[in-house]
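Input: a single structure, listed below in structure tokens.
The values are calculated or read from the model by the stated rules, or taken from the named source; none is laboratory data. None of these values were measured; they are calculated from a predicted model. Positions of Cβ are generated from backbone atoms using ideal geometry, with glycine treated the same way; all protein chains shown enter the neighbour counts.
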Amino acid sequence: MVSTHAVVAGETLSALALRFYGDAELYRLIAAASGIADPDVVNVGQRLIMPDFTRYTVV
């Protein structure tokens, strides 16, 4: 299931990846799903797509 998150002041993609997925390195997953070209730039109020990557098997 895909969910969304509205960015609040002080949040970063890596912090959100840590909170949602338990791994800060997965910030790239959020950036790719949300169409973010520069993961160092997110704006307050920006809606991010938080994909459920646990549904997929990596081989």
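Count of the stretch 15-48 residues, restricted to those that are over 14 Å from H5 (Cα atoms) and among the basic types (K, R), is 1.
For the stretch 15-36, the set of residues classified as in a loop (DSSP other than H, G, I, E, B) and either surrounded by 10 or more Cβ atoms within 10 Å (Cβ to Cβ) or at pLDDT 95 or above (or both) consists of D23, G35, I36, listed by residue number.
Taking T12 as the residue in question, decide whether it is modelled with pLDDT of 95 or more and of a type in the set (S, T, Y). Yes; evaluated as a whole, the condition is true for this residue. Taking the numbered list (1) modelled with pLDDT of 95 or more; (2) surrounded by 15 or more Cβ atoms within 10 Å (Cβ to Cβ) in turn, N43 passes all entries but (2).
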